Amino acid sequence: MKILKNSILVLGLIVLQGCSKDVLDQSPDHVISEKLVLNSVDKLDKLLTGTYNEISRNTYLGRVLYKRAAVKGTDFRFVKTTYNPRDYELIGYKYEENSNSSGSCEDLWIQSFKTINNLNLIINNIDAALGNEAKKQEILGEALGLRGMVYFDLARTFAYPWIKAGASSQGLPIKLSSEEIVLERSDLGATYDQIILDMQSSFDLLEENSWDQGSTKYLTKTGVAALLARVYLYKQDWENALKYAKEVIAVRGANNLMGINSYAFDDYNSESIFELSITSQNSLGSNGLGAQFDLKDGGQGDIIATQTFVDLLSVYEGDPRAALLEEDKEGTQQAFVKYTNRSEGGGLSAHNIPVIRLSEMYLIAAEATAQGAGGDTEAQNFLNILIEKRTTDFASNQVTETGEALKNRIAEERRRELALEGHGVYDYIRRGKDINRPANEHVNTGIDVSNLDILATDNRTICPIPASEVEATGMEQTQGY
């Protein structure tokens, strides 16, 4: 929020040089003029490619958001690591955030607004840029969809969930132009209105996906529909959550769900709707997700599954997700390795980052119908389609529950299916469910046992606005901090 326009342009210009749609070279031989960047469709397209790269950074989806979501929930713990003390991450795990010591929250805030500023430059200048009109529409559509996604991730991290006080809760400062200086927070209703406006505008502009291998490395019409389903789920707009989940399911269908013998997180697998491309040029090395969760090949492996989660994966006979459990640094089989390094030892985190998958659409459709957009029978059907792909004994594990038991079954399935994909703690607080972490499962962590359990409404389930931001702008701090 404090970055001046010229600083943003320097960043943008740096990523432009030698940049193609697939490879980002951030070491330019020279810097080109602002006018040339903003008046050229090709240059703005390269800035967009650079912005995808910014989203994959370790200070955003490449590490901070996904790792924070995991360790603040019930299913993973943060163990001592070779690189101790890593206090900035332990702060979140221990629920010790405060306005002056917010752990990794400040990094996420700064990186997100850096990304938003890049997207604003593209959105504000693409109409007047010289170049192909169809290309301009594609660039604008992707930029709007990405801006909506970044604001949504900020909202679920820095604002109380919709269930607490609805539209009247504190929202975010909404910055829609690189020229703007925004000092005040909107309410949560206005924040969600902007997120949805950006995404719906993006949906209208983008063409249908070709579904060629690798096409989901960019945001497409189907990708935006999937993100809208997620946004409406958090907003508790069950009808629209179901509507957009069904749109994605109609395009892809159950035949594209991974099965018992094909459950692997390879790049652009059959469930891919939107994922971030990671190559040797933009690998995060030891800072990436693979190195955080996997001990092999020099990885840190400092996130280990709790017994609660291991037990959850043992419920279904033949569940392929249980096969992702490997040996951890404590000698047990509780490292959950969803992100496999493809570089065979080099880089540690050379793997794509899934942003949203087909499985989530079935889970959203099931939850939305169970909450009133359909009914229990329809919810059971959506959930059973997924569960049939996750067990060799479907007859014993198919869903028959109704009412609250059905809603709890859906929440359990989300924990199994979407683990380490940035949901964890968010799924608890958006549903208003308290977080209970047994003391005997959180050993070797340095955690104060008094901070194991926390109410869903506690301010420490979300991030405070960084103190540096409040001091610089006078922005209102989050209630409770």
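The values are calculated or read from the model by the stated rules, or taken from the named source; none is laboratory data. Every value quoted in this text rests on a predicted model; they were computed, and no experiment measured them. Heads up, the Cβs are rebuilt from the backbone with ideal geometry, glycines too, and the neighbour counts pull from every protein chain shown.
Quick one: residue 171 ticks every box in (1) of a type outside the set (Val, Ile, Thr); (2) free of Cβ contacts under 8 Å to residues at least 40 places away in the same chain; (3) surrounded by fewer than 21 Cβ atoms within 10 Å (Cβ to Cβ) except a single one, so which number is it?
(3)
Can you tell me which condition residue 437 does not meet? The list is (1) at pLDDT below 95; (2) buried (at least 19 other Cβ atoms within 10 Å of the Cβ); (3) more than 25 Å from the chain's Cα centre (by Cα), and all the others hold.
(3)
Only one of 323, 305 is among the small types (Gly, Ala, Ser), closer than 24 Å to residue 389 by Cβ, surrounded by 15 or more Cβ atoms within 10 Å (Cβ to Cβ) and in contact (Cβ under 8 Å) with a residue 24 or more places away in the chain; which?
Of the residues listed, the single one that is among the small types (Gly, Ala, Ser), closer than 24 Å to residue 389 by Cβ, surrounded by 15 or more Cβ atoms within 10 Å (Cβ to Cβ) and in contact (Cβ under 8 Å) with a residue 24 or more places away in the chain is 305.
Yes/no matrix, rows are residues, columns are (1) at pLDDT 95 or above; (2) within 29 Å of residue 442 (Cα to Cα); (3) assigned to a loop (DSSP other than H, G, I, E, B):
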| position | (1), (2), (3) |
| --- | --- |
| 347 | no, no, yes |
| 370 | yes, no, no |
| 384 | yes, no, no |
| 422 | yes, yes, yes |
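Give me the residue from region 386-408 that is in a loop (DSSP other than H, G, I, E, B) and in contact with a Lys or Arg (Cβ under 9 Å, 6 or more places away or on another chain) and, out of that set, surrounded by the most Cβ atoms within 10 Å (Cβ to Cβ).
Going through the qualifying residues, I end up with 390.
Go through region 409-434 residue by residue and tally those that are surrounded by fewer than 20 Cβ atoms within 10 Å (Cβ to Cβ) and small (Gly, Ala, Ser).
So the answer is 2.
Going through region 177-188 one residue at a time, which ones are out of contact with any Asp or Glu (no Cβ under 6 Å at 6 or more places or on another chain), assigned to a loop (DSSP other than H, G, I, E, B) and buried (at least 17 other Cβ atoms within 10 Å of the Cβ)?
Answer for region 177-188, where residues must be out of contact with any Asp or Glu (no Cβ under 6 Å at 6 or more places or on another chain), assigned to a loop (DSSP other than H, G, I, E, B) and buried (at least 17 other Cβ atoms within 10 Å of the Cβ): 178, 186.
Pull up region 116-153, narrow it to residues that are in contact (Cβ under 8 Å) with a residue 12 or more places away in the chain and among the small types (Gly, Ala, Ser), then point me to the one that is surrounded by the most Cβ atoms within 10 Å (Cβ to Cβ).
Only one residue tops the list, namely 145.
So that you can scan it fast, the table gives a plain yes or no per residue for (1) out of contact with any Pro (no Cβ under 6 Å at 6 or more places or on another chain); (2) within 19 Å of residue 49 (Cβ to Cβ); (3) part of a loop (DSSP other than H, G, I, E, B); (4) not charged (D, E, K, R):
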{"site": "92", "(1), (2), (3), (4)": "yes, no, no, yes"}
{"site": "107", "(1), (2), (3), (4)": "yes, no, no, no"}
{"site": "117", "(1), (2), (3), (4)": "yes, yes, no, yes"}
{"site": "120", "(1), (2), (3), (4)": "yes, yes, no, yes"}
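Quick test for you: out of 472, 467, pick the one residue that is more than 25 Å from the chain's Cα centre (by Cα) and closer than 25 Å to residue 106 by Cβ.
The match here is 472.
Quick one: in region 189-220, which of the residues that are surrounded by fewer than 16 Cβ atoms within 10 Å (Cβ to Cβ) and of a type in the set (Ser, Thr, Tyr) is modelled with the highest pLDDT?
It comes out as 215.
Quick grid of which residues meet (1) touching a Gly at 6+ places or on another chain (Cβ under 9 Å); (2) buried (at least 16 other Cβ atoms within 10 Å of the Cβ); (3) not in a strand (DSSP E or B):
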| residue | (1), (2), (3) |
| --- | --- |
| 268 | yes, yes, yes |
| 281 | no, no, yes |
| 291 | yes, yes, yes |
| 300 | no, yes, yes |
| 310 | no, yes, yes |
| 316 | no, yes, yes |
| 328 | yes, yes, yes |
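Return the pairs, sorted by first residue and then second, in which the second residue is loosely packed, with under 14 Cβ neighbours inside 10 Å and not small (Gly, Ala, Ser), the first residue lies in region 450-462 and is over 16 Å from residue 98 (Cα atoms) and in contact (Cβ under 8 Å) with a residue 24 or more places away in the chain, the beta carbons are less than 6 Å apart, and the residues are 6+ apart or on different chains.
What qualifies is 456/434.
If you go through region 241-253 one residue at a time, do you hit one that is more than 14 Å from residue 362 (Cα to Cα) and outside any loop (DSSP other than H, G, I, E, B)?
No, region 241-253 contains no residue that is more than 14 Å from residue 362 (Cα to Cα) and outside any loop (DSSP other than H, G, I, E, B).
Suppose the filter is among the hydroxyl-bearing types (Ser, Thr, Tyr), touching a Gly at 6+ places or on another chain (Cβ under 9 Å) and in a loop (DSSP other than H, G, I, E, B); does residue 286 pass it?
no
Run down 155, 165, 226 and say which single residue is over 25 Å from residue 43 (Cβ atoms), in a helix (DSSP H, G or I), small (Gly, Ala, Ser) and touching a strand residue (DSSP E or B) at 6+ places or on another chain (Cβ under 7 Å).
The conditions single out 226.
Out of all the residues in region 57-103, which are surrounded by fewer than 18 Cβ atoms within 10 Å (Cβ to Cβ), modelled with pLDDT of 85 or more and acidic (Asp, Glu)?
Correct list: 96 only.
Could you list, in sequence order, all residues of region 202-223 that are polar (S, T, N, Q), touching a Lys or Arg at 6+ places or on another chain (Cβ under 9 Å) and either assigned to a helix (DSSP H, G or I) or closer than 23 Å to residue 378 by Cβ (or both)?
Here is the first cut: in region 202-223, the ones polar (S, T, N, Q) are 202, 209-210, 213, 215-216, 220, 222.
Then keep just the ones that are touching a Lys or Arg at 6+ places or on another chain (Cβ under 9 Å); that gives 202, 209, 222.
Residues satisfying the conditions are 202, 222.
Among the residues of region 277-326, how many are under 18 Å from residue 266 (Cα atoms) and among the aromatic types (Phe, Trp, Tyr)?
Final tally of qualifying residues: 1.
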